[in-house]
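Remarks on the structure that follows.
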Amino acid sequence: MSKYTGLECPVCKKTFQNDDDIVVCPECGAPYHRACYQQEGRCIYQDKHGTDQAWQAQAHTHQAAEDKKCPRCGTVNAPDSLFCSKCGQSLGYDSQAHGQAPNDPEQSYTPPPPGPGPNVGPAGAPYPFDPMGGVNPKDHIEGIEAGDMAKFVQTNTPYYMGRFLNLSAFKRNRFHFAAFLFGGGWFLYRKQYTLGVILTLFQIAASVAAGFLQTYYTIPLMNELLPNVNRAAKYYWGFLQSWDALLAKSPLTLFLVMLPTILLLLQFAERIVCGILANKLYLKHCVTQINQIKVNTATPQEYEAQLKARGGVSTTLAFSLMICYVIINFIPMFFNL
């Protein structure tokens, strides 16, 4: 590294870099870019040579951009980095709450403890007392300030802000267990109404169809076949005999017997897909809605009001969905009464 790196050229005011072509005034030692010195034709401090006002390195030191050290994992990143290249921690924080040293050097500072992933504490959960989950409100997620995103999400922001940041910057996703358990109900709860209605209707239709077929077709058919099974045989062999008798039926009969099981498997597969894609779909929903709000509002006050009104969750709908969820899962039992 050159001893002039970090100093400021007196002519162009740009900071010297390691590979710059630098010339130095033999009288006062002022450094210049060669092209800048040739442009001036002389040292611009020539009239002050030999006086107290001559060029001094301390007076012309420009704070060079320093490498950014991640407060979480300690990785050294480039000066213009917004996120840690190793763990994804945001490097643009401006408060202690977000893991940056305070402006007052006399104040004590303790960096956030290292964790298993970005924006999470040592136990793997988001920072419990930070509504942004360790994300700087000024950071951008898919072109939208994280602060605005949090105002739209409103509920459980420590979880979603960290997930959204990882999805946007590093394409890292995590399984969403609430979406896995509640399927379309979770999407309706998060005001993703179109997708939520489609998934919920599928769940209801699959449960009703499975219960109806099992009660009025599969069970009577199996009762018809079971008398043909040698009851003295062991259960395993009896099952094989009943299965052989079932295979003797038409393909349509076999399909109808297996359809309830197929529908239940499809429901389970749907829940898995919901768990995998929930964070991605919710991020896309938030970005779409916020961009629409930006276009359709004229004042900051109206913008804030629309974020609050169109974001958040539907609490009333949540209680209704809990009841519906219980009913849907017990529909097959009702058919068996």
Legend entry - Number of the exception - S85 against (1) more than 29 Å from the chain's Cα centre (by Cα); (2) at pLDDT below 75; (3) not acidic (D, E): (1)
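Within region 305-337, restricting attention to residues that are in a helix (DSSP H, G or I) and at pLDDT 90 or above, which residue is farthest from H176 (Cα to Cα)? Break it down into steps so the answer makes sense when it comes.
Of all residues in region 305-337, those in a helix (DSSP H, G or I) come to 305-310, 315-335.
Those still in the list that are at pLDDT 90 or above too: 305-310.
Values: A305: 29, Q306: 27, L307: 24, K308: 24, A309: 25, R310: 22 Å.
The residue in question is A305.
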Inset, instruction - Search region 197-226 for residues that are in the same structural domain as G183 (by TED's automatic domain parsing) and pair each with any residue that is acidic (D, E) and buried (at least 16 other Cβ atoms within 10 Å of the Cβ) when their beta-carbon atoms are under 8 Å apart and the residues are at least 6 apart or on different chains. - result: L199/E270; F202/E270; Q203/E270
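The values are calculated or read from the model by the stated rules, or taken from the named source; none is laboratory data. Being a predicted model, the structure only gives us computed values, none of them experimental. In this analysis, Cβ positions are derived from the backbone assuming ideal geometry, glycine residues included, and neighbour counts consider all displayed protein chains.
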